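**Student:** Take a look at the following structure, please.
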Amino acid sequence: MAAELERGPAAHGWAENQRWTLARISDLITGLFHVRYTPRGVGHLLHRMGWSPQVPVHRAVERDDEVIKQWVAGQWPRIKSNR
């Protein structure tokens with residue numbers, strides 16, 4: 001189960017929103033093991049597995065960390081000194 005969750009939602013057909021929800025995990029369990037869990041039951045199961053709720057960090061797809069690093073090194077000191 002943990003290995004399937006590690007593969008991520010896109011590997012299981014949820015490409016539009018890259019996060020697990022209790023309802024999605026419930027559907028995954030049903031598809032893999034033919035056992036139905038309620039979302040609350042999935043929450044208890046995940047807790048017993050040592051998983052905890054996480055809030056994903058939202059980052060733009062277009063984000064370019066190298067350009068940001070260059071801007072911070074070159075532009076930010078100039079802008080900060082003009083205060």
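The values are calculated or read from the model by the stated rules, or taken from the named source; none is laboratory data. From a predicted model like this one, the values you see are computed outputs, not experimental measurements. Cβ atoms come from the backbone with ideal geometry, glycine included; neighbour counts cover every protein chain shown. Accessible surface is based on the protein model in full, side chains and every heavy atom, while ligands, DNA and RNA are left aside. Shrake-Rupley method; radii C 1.70, N 1.55, O 1.52, S 1.80 Å.
**Student:** Looking at region 8-39 only, could you name the residues that are modelled with pLDDT under 95 and loosely packed, with under 11 Cβ neighbours inside 10 Å?
**Tutor:** Within region 8-39, A15, E16, Q18 qualify.
**Student:** Can I ask one more? Write out, first by first residue and then by second, each pair whose Cβ atoms fall under 7 Å of each other, whose residues are 6+ apart or on separate chains, and whose first residue, in region 19-42, is assigned to a helix (DSSP H, G or I) while the second is of a type in the set (K, R) and open to solvent by 60 Å² or more (accessible area, probe 1.4 Å).
**Tutor:** T30/R36
**Student:** Shifting gears a bit: Among the residues in region 63-81, are any of a type in the set (D, E, K, R), surrounded by 11 or more Cβ atoms within 10 Å (Cβ to Cβ) and either at pLDDT below 90 or in a helix (DSSP H, G or I) (or both)?
**Tutor:** no
**Student:** Within region 40-62, track down each residue that is within 19 Å of W14 (Cα to Cα) and either loosely packed, with under 10 Cβ neighbours inside 10 Å or not β-branched (V, I, T) (or both).
**Tutor:** Our first condition is that a residue be within 19 Å of W14 (Cα to Cα); within region 40-62, this holds for 42, 53-61.
P53, Q54, V55, P56, V57, H58, R59, A60, V61, listed by residue number.
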